Amino acid sequence: MVALVLQAGSVRVAAAANVSYAIGELVRAFEQMYPDIRMQITLGGTGKLVTQIRHGAPYDLLMAADMAYPQALYRDGLAVALPRVYARGALALLGTKELDLAAGLRRLTDPAIQTIAIANPKTAPYGKASFEALKNAGLLERLAPKFVYGESISQTVAHTVNAADIGLVSKSALFSPQMKQYREGREWVTVETQLYDPIDQGIVILTSAKNSAGAKAWYDFMLSAKAGRILQHYGYTLP
């Protein structure tokens, strides 16, 4: 076995956009533990990040919003160590205007709602979960003409706040400092979790970092109780 030596350097992480709201606090906590390591975080839709990895992008780890992606990379020999679930995400319905959200997804059928921000299900796992929830609620085909797509969940949050009447976003977004003005039960509600499969957020070390102690340190940190407490603060649940 090759010995790992923890030394000064950087660790490059491709991370799903939904974690952007918690990533700053996570990085600060990690760098306090490992002051000689600097984290380089690239945020985006999981699907697009995986395409970059498959085309040789120089990342050390993937933090995905859907376990299917890291599992596929591991299966195809592009990742080492087993992919692990580090957190579980949830969907929320966010409206920045005066809307009664007590009816949940059924509220979207209101004629007053002309535009619904939603993540692209082809590039963003939260978009896939949103489509699943709407389909299981019997609303997908009826509402499809109202959709305004974001390529990532962070772009979808921006569309919701700045342009659309309402949006389906990651619950974690509502716990960021920038979004604290929006209150649960008034501007946002949690989407019924039984309407979609659990959004298991997965982490995996990529093959290019198989001997990187820094990458292993971040991997272990993201599965630690300390990271878990931070993630729970941002609306995630733990596996």
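The values are calculated or read from the model by the stated rules, or taken from the named source; none is laboratory data. Model, not experiment: these values are computed from the prediction. Heads up, the Cβs are rebuilt from the backbone with ideal geometry, glycines too, and the neighbour counts pull from every protein chain shown.
Descriptive notes on the structure:
- Just one of (1) surrounded by fewer than 19 Cβ atoms within 10 Å (Cβ to Cβ); (2) more than 17 Å from ALA16 (Cβ to Cβ) fails for ALA158. It is (2).
- Filter result for LEU101 (under 24 Å from TYR234 (Cα atoms), not β-branched (Val, Ile, Thr) and not in a strand (DSSP E or B)): yes
- Counting the residues of region 113-130 that are of a type in the set (Lys, Arg) and assigned to a loop (DSSP other than H, G, I, E, B) gives 1.
- Residue, modelled with the lowest pLDDT, within region 16-61, restricted to residues that are surrounded by fewer than 23 Cβ atoms within 10 Å (Cβ to Cβ) and polar (S, T, N, Q): SER20
- Check on GLN181, assigned by TED's automatic domain parsing to the domain that holds THR96, over 17 Å from ARG106 (Cα atoms), among the polar types (S, T, N, Q) and assigned to a loop (DSSP other than H, G, I, E, B): yes
- If you filter region 204-239 down to residues that are part of a strand (DSSP E or B) and crowded, with 17+ Cβ neighbours inside 10 Å, you find that the one that is nearest to the chain's Cα centre (by Cα) is VAL204.
- Members of region 184-214 that are out of contact with any helix residue (DSSP H, G or I) (no Cβ under 8 Å at 6 or more places or on another chain) and more than 15 Å from LEU91 (Cα to Cα): ARG186, THR207, SER208, LYS210, ASN211, SER212, ALA213, GLY214
- Residues being out of contact with any Asp or Glu (no Cβ under 6 Å at 6 or more places or on another chain) and either at positive phi or touching a residue at least 40 places away in the same chain (Cβ under 8 Å) (or both) - total across region 6-45: 24
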